[in-house]
Amino acid sequence: MSKRDKRTETNNDPGPLTTNPFAALAGQLSDLPPGPHPTTPSDSPPGTPNSRSASSSPPPGTPNSRSASPSPSPSSPSPSMPKFTVERTRKGGYPISLEKRPSGKVVTIIRNVSGDAEGLLKLLKKKCGAGGCLTDNAIEIQGDHRERIEAILRG
């Protein structure tokens, strides 16, 4: 007896589905309230993040009773950006270098950092997706992230 004899025929077409679980809800569609209007980035003022949370926010131009504090002005620095300075080199570039360790690991080093170096380290670790540490006036980030770090420092 071969395997062909044990197979079951599955080519029979059972036809279309006879029951639709959502058919009863189709009549109630007109009774539902309208949903929130989706906002596009062009609708919101610059510097305002688009909310993707489940709670709805009031439409633009209406007073918000939940928040009593005024929104931050666009000219003020964002709260997530730490206050730091990175002194540039004589040629005007950032002092970012790559160092190869004896174990074969590569480390990106940012020198001449002053101010909130811990905040800058936390920001760079998050943006680069890598570990890092703080030494004297330099920050070490694991891996080769020279272009990405320079773009973060410029922006």
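The values are calculated or read from the model by the stated rules, or taken from the named source; none is laboratory data. Bear in mind the structure is a predicted one, so any value in this text is a computation, not a measurement. Positions of Cβ are generated from backbone atoms using ideal geometry, with glycine treated the same way; all protein chains shown enter the neighbour counts. Areas reflect the complete protein model, heavy atoms only, side chains present, ligands, DNA and RNA absent. Shrake-Rupley method; radii C 1.70, N 1.55, O 1.52, S 1.80 Å.
Brief remarks follow.
- Condition check for residue 114: of a type in the set (Ser, Thr, Tyr), under 30 Å from residue 142 (Cα atoms) and either outside any loop (DSSP other than H, G, I, E, B) or modelled with pLDDT under 55 (or both): yes
- Residue that is farthest from residue 86 (Cα to Cα) [pool: residues in region 124-140 that are open to solvent by less than 30 Å² (accessible area, probe 1.4 Å) and in a helix (DSSP H, G or I)]: 128
- The listed residue being open to solvent by 90 Å² or more (accessible area, probe 1.4 Å), at pLDDT below 85 and either polar (S, T, N, Q) or in contact with a Pro (Cβ under 8 Å, 6 or more places away or on another chain) (or both), out of 56, 75: 75
- For region 143-154, the condition holds for at least one residue, the condition being that it is open to solvent by less than 50 Å² (accessible area, probe 1.4 Å), at pLDDT 90 or above and not small (Gly, Ala, Ser).
- In this structure, residue 103 does satisfy being over 21 Å from the mean Cα position of the chain (by Cα), modelled with pLDDT of 90 or more, more than 30 Å from residue 35 (Cβ to Cβ) and not in a strand (DSSP E or B).
- In the set (1) open to solvent by 20 Å² or more (accessible area, probe 1.4 Å); (2) closer than 14 Å to residue 150 by Cβ, residue 109 fails one condition alone, (1).
- One residue stands out in region 83-106 among those that are surrounded by fewer than 16 Cβ atoms within 10 Å (Cβ to Cβ) and of a type in the set (Ser, Thr, Tyr): the one that is farthest from residue 137 (Cα to Cα), namely 103.
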